[in-house]
Structure formats: structure tokens, C-alpha cells
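Only one structure is covered here, and it is reproduced in the block below.
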Amino acid sequence: MIEVHVRHGVEQELLDFMRSQLRFTELDVATHCSAKDTVRDRFLQMMREIGAIVPCGSDGRQHFLTTWGEAEAANIEALAKAGSLSDKTPHARLLDLIEIASTEGVHVDIPTWTPRSPEEAKIWRYIAKRPYFTAADVEAVFPLDPIMRTGFLRRLKAAKVIRFWGRDGAKVYYTTQSARDGRNTARDLRATVEGAIWTAIRIKKRFRPNDLLTALRQSRQDITMGDVTRYCRTLTLAGFIKPPKPTARITGDTPLLLINNAGPLPPQKRSMTVIVDPNEDKIVYSPMGQFQ
């Protein structure tokens, strides 16, 4: 396997994903990695120029590439022509190649979505129920054993279980949902009362609830001042927005500032049962994830 020098974490993500596949398309890379188009195209071109990726066949408009060299590319193409890439053969061959790479000092993620431990099972339950998440979200809920946590997420990405969802500024979002399910979930959440108010808040950044209601009435006449002020109180308690100075009560005229632009989907208020250890006065279990 040809040695590849990467300049930053985004290129490392691209390299890790490509090496974890027996074969892949450029669309696969775009779907599962967070690199911007220009960064991804430049890195793929560099990989071609040094021979780190080579063509390994096509199927209609799909053109496949591999990082496993010319000889393996010919083998992959032969397997595809024989119709053998639809059974367990390609996975078994990939595992053999990964083991060979390991003996040469090259680590490659093994594609698998099955949790190997109770801790990985908790992470899976946490990310599977969310429309999207960031690596920081998972770290905040599961702060212990970062090697296990990042390794599991990399294996899920290698198995194409995790895909790139989008970005908001410097934040990169991933999801376990299919593209259709993800779009439907995002659309449904944005269509809620909270979704409409949250979108208006993200646009204005500095506002009064009265301002939001005026802006929303053009398209959402079902939203009332009570809806706006209640949601603003919830967001204030959660630390997403705040008044410039402490106030006892949020009204339509209270000036507010967006301080945590968490993402395009609206923060939601939920009720749940948690387990508290009174000896240490802390939450030891929550359905949303383990607390340490």
C-alpha cells in the first residue's frame, strides 16, 4: 500500500474511508466524508497522481476505485464480472487485505456496525435515535475511553452506516439515517412551531419575541405570542439564548441574543425518567445516554 501524507484531519478522514473499502465510488466518498468539494476533489486527484487509488471497473455510470493496488484492482474487476461481489467474498477478501496491511504497519478500519461491547451499544442507541449528531455530541455524553469511542465511530463510517449530513459553520454533522429518512425528519422538525421559531431566531440572532412573531405571521399565522415566549423561555433555560442582563420574566419586549447556534433543527423540550444517586447527588443514568 502506497504511503500517503495527509495535511489535516479532513484529508485523514478521506484516506481512512477509502482504505476501509474494497472498492468505492467518488459518490461514496462524498456521501460518507465531510470534506468540502474542492478539498475532496484535490485529494482524490493527488491520490490518482501518486497511484494510491486506481480504477477497478465500472457498472453503468458508476466508476469504481480502490486503494489496494493494480493487482487487486484486476481481481476486484474479475469478481465483479463473475457476479461474486454480491456475496460474502468481497468482505472476506477485504479482511485479508486489512490484516496484510496491519503486518506492514498500516492501520485500516474494519467495516462493521455491530457493537462489540456494552459501551459501544450505548453509543449506537444514542446516535441511532437522532436525526443528526456531531463527534462533540457523542464525546459530551460518553466522555470516557476516547479510543473506544472514536474507533467505533470510524468502524461505523467504514461500514457506511454513518454518513455525512451537513455542516453549520465549523460544526460537522453526521447521521445514521438514510438520505430520504434524514430529509423527511429534518423537514418535519422544521415544520413544527418550534422549528419555525428556531429558524427565525437563527436568522435574526438579536431579537425580541415581538420581532419573531411579526416575521413569522407572514407564513405561520397559527403561531401565537404565547408559543414564541414559551419557546424562548425554554431556550433561555437551556442556554441557547439569553437576555443582555438578568430578567425575571421573558415577555414580548424582552431583548434576547442567540449565543448557541446549535444547528438547523430546533432544540426540543422532552420529559424523561432518570436515575439519581443521592449519595453523590448526580444523575447516573438517562435514556439519552450514560452520565459519568
Fraction of alpha-carbon pairs over 22 Å apart in region 9-104 - percent: 27 percent
For the chain: accessible area per residue (Å², 1.4 Å): 57 Å²
Highest-first arrangement of 103-113, 256-266, where packing means the average Cβ count within 10 Å: 256-266, 103-113
Cα Rg over Rh - region 118-177, Kirkwood: 0.93
Eligible aspartates and glutamates near residue 171 by straight Cα distance, threshold 19 Å, same-chain separation 8 or greater: 11, 13, 37, 137, 139
Residue-wise HN-Hα coupling along region 16-32, computed from phi with Karplus coefficients 6.51, -1.76, 1.60 (Hz; x: Gly, Pro): 4, 5, 4, 5, 7, 10, 5, 8, 7, 10, 4, 5, 4, 5, 5, 6, 10
All aspartates and glutamates inside 18 Å of residue 245 as judged from Cα atoms, apart from same-chain residues fewer than 8 positions distant: 253
Estimated dipole of the chain in Debye, rounded to 20 [Cβ of Lys and Arg +1, of Asp and Glu -1, Cα centre]: 1660 debye
Once the Cα gyration tensor of the chain is diagonalised, semi-axes √(5λ) in Å: 44, 23, 17
Per-peptide average of other Cβ atoms within 10 Å, ordering 27-33, 78-84 highest first: 27-33, 78-84
Normalised contact order of the chain, rounded percent, pairs of Cα under 8 Å and 6 or more residues apart: 14 percent
Apportionment of accessible area to carbon and sulfur, the chain, percent (1.4 Å): 52 percent
Using a Förster distance of 41 Å, the FRET efficiency for residue 192-residue 1 (Cβ separation, nearest 0.05): 0.25
Residue 70 - accessible surface, heavy atoms, 1.4 Å probe, Å² rounded to 10: 130 Å²
Karplus-derived 3J(HN,Hα), 6.51/-1.76/1.60, for each residue of region 107-123, Hz, glycine and proline x: 7, 10, 5, 8, x, 6, 9, 7, x, 9, 8, x, 5, 5, 5, 5, 4
Label-point separation in nm, residue 167 to residue 101, each point 7 Å along Cα→Cβ: 2.4 nm
Area of residue 225 that stays accessible when all protein chains are in place (1.4 Å probe, Å², to 10): 50 Å²
Largest-first ordering by accessible area, 1.4 Å probe, given options 217, 167: 217, 167
Dipole magnitude (debye, nearest 20) for region 9-104, charges at Cβ of Lys, Arg, Asp, Glu: 220 debye
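With 20 Å as the limit, write out which pairs from 204/269; 129/204; 129/269; 129/160; 129/242 have Cα-Cα distances beyond it, or answer none.
Too far apart for the 20 Å limit: 204/269; 129/204; 129/242.
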Estimated distance in nm for a label pair at residue 117 and residue 160, the labels positioned 7 Å out from Cα along Cα-to-Cβ: 2.9 nm
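The values are calculated or read from the model by the stated rules, or taken from the named source; none is laboratory data. Everything quoted here is computed from the prediction, not taken from an experiment. With ideal geometry, Cβ positions are generated from the backbone for all residues, glycine too; neighbour counts draw on all protein chains shown. Accessible surface areas use protein heavy atoms only, side chains included; no ligands, DNA or RNA. Shrake-Rupley method; radii C 1.70, N 1.55, O 1.52, S 1.80 Å.
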